[in-house]
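Input: a single structure, listed below in structure tokens.
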Amino acid sequence: MKFSNRITSMQASPIRRLVPYAEKARKAGKKVYPLNIGQPDIKTPPAFFEALGNFNKKVLAYDGSQGNPELIKAISNYYKTYNMDFQDDEILITNGGSEALLFAIIATCDAGDEVLVPEPFYTNYNGFASAVNVTVDGITTKAEEGFHLPKKEDLVKKIKPNTKSIILSNPGNPTGVVYTKDELKMLVDICIEHNLFILADEVYREFVYDGLEYISLGNFKEAEDRVIIIDSVSKRYSACGARIGSIASKNKDLIQEILKLCQGRLCVPTIEQIGAIELYKTPTDYFKEVNEEYTKRRDIVYGALQKMDGVICKEPKGAFYVSVKLPVDNAEKFIIWCLEEFDYNGETLMMAPLEGFYSTPGIGEDEARIAYILNTEELQKAMTVLDKALQAYPGRK
């Protein structure tokens, strides 16, 4: 039987593809530090579980395709704290930020169209786009420059007649970059001048460090008809398994078009939405404590990386990732070697190879993403293991 070209050409997730190697290493008795995936160990606010426990309906019925009205109102109130005013008919609840991204791409692009994304980018952008025959073209950014955007003229050169949108993760996954107001204004101006949509992936909005100011693309009034905000409770409230995301846009016509897709999949899980309502009521003190913890973890990882011979990276300013250039022949080979052939006192580690986070061929082969989502003690041990592994790796450059 022949499968579709659409599915066979779709890449497997570089974040999860190496999981079998880690499972095999664990079965062999090794302790594996899982630095490959953004699964926070921060406790989910208990109000989420309390809401689930208090659910006592006799029938678990469909919810509305747009989403639970109370959850939509809670999200609208949340955005007001960031000086964004979204009405109830400008927000849709989705099955995680993943469905929000997929629906936004489907609604703004036809087969054969193209989206621009600063690379390295969240690898699933490529998966979502290729699944509907849309091409991702990377705007290359560099570790040596902190992964900030290139000049306007260099970015404009990437725009083609079939370019429909720019996707921007801010703060950035996998780089941890926080874009400046000038960079965001440049993107807004480009999208207005070339009639492009902006898909603003802002799921890490709360995770900004060192006193930097966070600015949402939703704060640019001149672009409100083309900005589509992708959001999720997964990282913000450490509730990845809830699979509750959202789309917000002041373009009401666009929201009505995306609603057709929401109707096609009927609804988002009823109970998880009830829990998510309570998440959006979480006191702001929660984020202060979480930020302080992630700052400590960032400092441990970045400080250790700075001392490792041949490793190149810039200090991440947001999210909970750092992208590093390693002194190895190939990052994926190195990670597999760590899992299959190396251990230090019975311990090894797993990272995400970054080659799959680029669309430009030949870039990122010696780069990896580290998610600093473990407690400080374990991160210190994991960095020691990484240092020892780099020293012992036979393919070291």
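The values are calculated or read from the model by the stated rules, or taken from the named source; none is laboratory data. Keep in mind that what you see is a predicted model, and the values were worked out from it rather than measured. Note that we place each Cβ from the backbone using ideal geometry, even for glycine, and neighbour counts take in every protein chain shown. These area figures cover heavy atoms from the full protein model, side chains too; ligands, DNA and RNA do not enter into them. Shrake-Rupley method; radii C 1.70, N 1.55, O 1.52, S 1.80 Å.
Quick notes
- Scanning the range 310-352 for residues that are more than 23 Å from the chain's Cα centre (by Cα) and over 23 Å from ARG16 (Cβ atoms) yields GLY310, VAL311, PRO327, ASP329, TYR344, ASN345, GLY346.
- Screening the range 58-174 for strands (runs of 3 or more DSSP E) wholly inside it with 1 or more residues that are within 21 Å of TYR214 (Cα to Cα) returns the ranges 114-119, 163-169.
- Failed criterion for THR282 (all others in (1) assigned to a loop (DSSP other than H, G, I, E, B); (2) open to solvent by 40 Å² or more (accessible area, probe 1.4 Å); (3) out of contact with any strand residue (DSSP E or B) (no Cβ under 9 Å at 6 or more places or on another chain); (4) touching a residue at least 40 places away in the same chain (Cβ under 8 Å) hold): (2)
- When the residues of the range 211-227 are filtered to those that are among the acidic types (Asp, Glu) and modelled with pLDDT of 95 or more, the one that is surrounded by the most Cβ atoms within 10 Å (Cβ to Cβ) is GLU224.
- Considered as a group, the residues in the range 327-339 that are open to solvent by less than 20 Å² (accessible area, probe 1.4 Å) and touching a Gly at 6+ places or on another chain (Cβ under 8 Å) include one that is nearest to MET10 (Cα to Cα), and that residue is ALA331.
- Test set (1) outside the structural domain of ARG236 (by the TED database); (2) on the phi < 0 side of the Ramachandran plot - GLY29 fails condition number: (2)
- Neighbours by Cβ (under 6 Å, 6+ apart or cross-chain): first from the range 94-108, within 14 Å of TYR122 (Cβ to Cβ); second modelled with pLDDT of 95 or more and among the basic types (Lys, Arg): GLY96/ARG243
- Elements of the type strands (runs of 3 or more DSSP E) sitting completely within the range 300-397 and holding at least 3 residues that are among the aliphatic types (A, V, I, L, M) and touching a residue at least 12 places away in the same chain (Cβ under 8 Å): these cover 367-371.
- Hey, PHE342 more than 30 Å from SER238 (Cβ to Cβ), open to solvent by less than 50 Å² (accessible area, probe 1.4 Å) and hydrophobic (A, V, I, L, M, F, W, C) or not: yes
- Restricting the range 23-49 to residues that are charged (D, E, K, R) and either touching a helix residue (DSSP H, G or I) at 6+ places or on another chain (Cβ under 6 Å) or farther than 30 Å from ILE274 by Cβ (or both) leaves a set whose member that is surrounded by the most Cβ atoms within 10 Å (Cβ to Cβ) is LYS30.
- Residue that is nearest to LEU35 (Cα to Cα) [pool: residues in the range 288-326 that are open to solvent by 30 Å² or more (accessible area, probe 1.4 Å) and β-branched (Val, Ile, Thr)]: ILE300
- Screening the candidates ALA131, ALA104, ALA100 for the property of being among the small types (Gly, Ala, Ser) and open to solvent by 10 Å² or more (accessible area, probe 1.4 Å) yields one hit, ALA131.
- Residues that are out of contact with any helix residue (DSSP H, G or I) (no Cβ under 9 Å at 6 or more places or on another chain) and either among the β-branched types (Val, Ile, Thr) or under 14 Å from ALA242 (Cβ atoms) (or both) within the range 50-94 comprise VAL59, THR81, listed in sequence order.
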